[in-house]
Every structure is written in C-alpha cells, then in structure tokens.
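Shown next, in structure tokens, is the structure this report addresses.
None of the figures in this text is laboratory data; all of them are computed from the coordinates on show. In this text the structure is predicted, and so the values were computed from the model without any measurement. Here the Cβ is made from the backbone with ideal geometry for all residues, glycine too, and neighbour counts use every protein chain on show.
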Amino acid sequence: MRVVGFCSKFPIGLSSLGHHTTAASTLASNASIVSSSRRQMRPPPRPATNKVCSELGTDYCDLTGEPQWIRRMLDRYEASAKASGARIVHCCGFDSIPSDLGVHFLQKHALQRFGRYCTHIKMRVRNMRGGVSGGTVASLMNAVKEAAEDPAVRRALLNPYLLCPRENRPDTRQDSISLPQYDGAFGAWLAPFVMAGVNTKVVHESNALLNYAYGRDFRYDEAMLVGAGRAAALWPTPSQGLWAVLSPWLQSLLHVGH
C-alpha cells in the first residue's frame, strides 16, 4: 500500500488487491475505512476484502451490485462483521445510492410532515446521461450466466427480499414492472428500469435493518417514465430505450425454468 494523498488530516492509501488475501489484510489492518472505487471487471467479485475487513473490524464499501453475490457474503461474513463492529456496505454507486437514500430522506420528510411513514413509494427515472460501463456489463452477464446454470440463483434474483435477514422475512407482494404500463399517478407510460432488480432489494434490506420501520407491508418499485402517449412506451428516447430493452430481456432470462 502506498500513501497517495491526504483528505484533511487523514492519509489516503492506494492498493491493488487482486486475488490476494495478504494484500487485503495489509490494507485493512492499516485503514479505518476501505473503499473500492471500481466495479470488478472479472466476475465474480473477489471475497478477500469482505473477509478480512469483517474479521479486523475495518469498515468497507464498494460498487458491487450483484445481489446473489452479496447474499453469499452476508451468509459467510455477517456474523464476524457484527462481532468485530465492521460495517460492510455494498452497492455504493449509481446502484443503489439514489434509490436507498432517496427513500430514506423521503420517509424522514413524510414522518415529519404527516406523522407516519409512506407505505408505498414509486421511484421513476425520466432520463439518464452517460453510457453503460464495462463493469456493469460484466456484472449483468455474470448474473445471467449464474442464473442460467443454477435454478436456485434464478429464484434468489427474483426474490425482492433476498438481502433481508432470512428469519421472518415479509411476504408482501411487490410490484415488478416488466412490461410497458400506464401509471395514473404520474400521467405517463412506464418502461422497465434495468437497475430495479438491484435497487429494490437494497431498499428492502435497509427497511429490514431499521427493524422494518417503514412497515412489513411497505412496497417499493422502480420504472422509467417514457411519456404521456401510448407511442412513447413503444418508441422511447435512445437513453430510455437502452434500459427498457435490457430490463425485460434480463428478466425473461431469469424466468427461464423458474
């Protein structure tokens, strides 16, 4: 590890971990917080950093957005993280900070204004800028590969409560927008949002970690707004169309053999 700069009075170290548990251990033992700033390009993501941070009590956050892999890390290292006091936080990028914190602040405002939390929240994406990173494509393809090979992975990826503690999970049915439909609340047609399958699981996990403060019957869904006319659902903008095409394709693959 080498020091590459300072943030206020705290040194910032840079390390390339690769597959090496020793390198991850050296980094974690000399840091208060470890942050992975790039998505894994060679799936599946490596568990070394999760393991050593959980054991040493070092906080860790990364961009990982593969729910099936996060579930494995929870099963393997959650107990040691609780024992050491380490806080392990995944999905710390576009998936799923806007969704998770958006729900958090909206619920906080609802409690202040109305004296209670919302029981149903809809997140809608009007438009996006930028393209799809190589890491995102690698993550999606790895999830599809695992789901095609293992029916248990397919079932896991279709479970909205996958990341919640296994004990006493809610049984409230969650909406999944997999086909174009009209949303009267927004006065617009919807198309599927490709990141909904990740973001919704993270939001439900946060609710579980808050002892289901939003309620065990809390509902949350995501979709893209594509316009007021029916034609908009069939002919979205280029940026909308990319995600609208990818999402049902991925969902159809997950449903194969389900």
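A few notes on this one:
- A simple rule links phi to the HN-Hα coupling: the Karplus curve 6.51 cos²θ - 1.76 cosθ + 1.60 with θ = phi - 60°, which for region 78-95 gives 4, 4, 5, 5, 5, 5, 8, x, 5, 10, 9, 10, 9, 6, 9, x, 4, 9 Hz, with x for Gly and Pro.
- Too-long pairs where the Cα-Cα distance tops 25 Å, listed order kept, from Lys122/Lys201; Lys51/Lys201; Lys82/Lys145; Lys108/Lys201: Lys82/Lys145
- Selection of trypsin sites (Lys or Arg not before Pro), region 163-206, meeting DSSP coil and at most 13 other Cβ within 10 Å: Arg166, Arg173
- Stretch gain in nm, segment Phe114-Met128, where the contour uses 0.36 nm per residue and the Cα spacing is subtracted: 1.9 nm
- In this calculation the C-beta distance from Leu106 to Met141 is compared with R0 = 41 Å, giving a FRET efficiency of 0.80.
- Other residues whose C-beta falls under 13 angstrom from the C-beta of Glu78 contribute a net charge of +3, scoring Lys and Arg +1 and Asp and Glu -1.
- Sequence ranges 135-147, 185-197, ranked by mean other-Cβ count within 10 angstrom, highest first: 185-197, 135-147
- Net charge, Pro192 excluded, C-beta distance under 13 Å - Lys, Arg +1, Asp, Glu -1: -3
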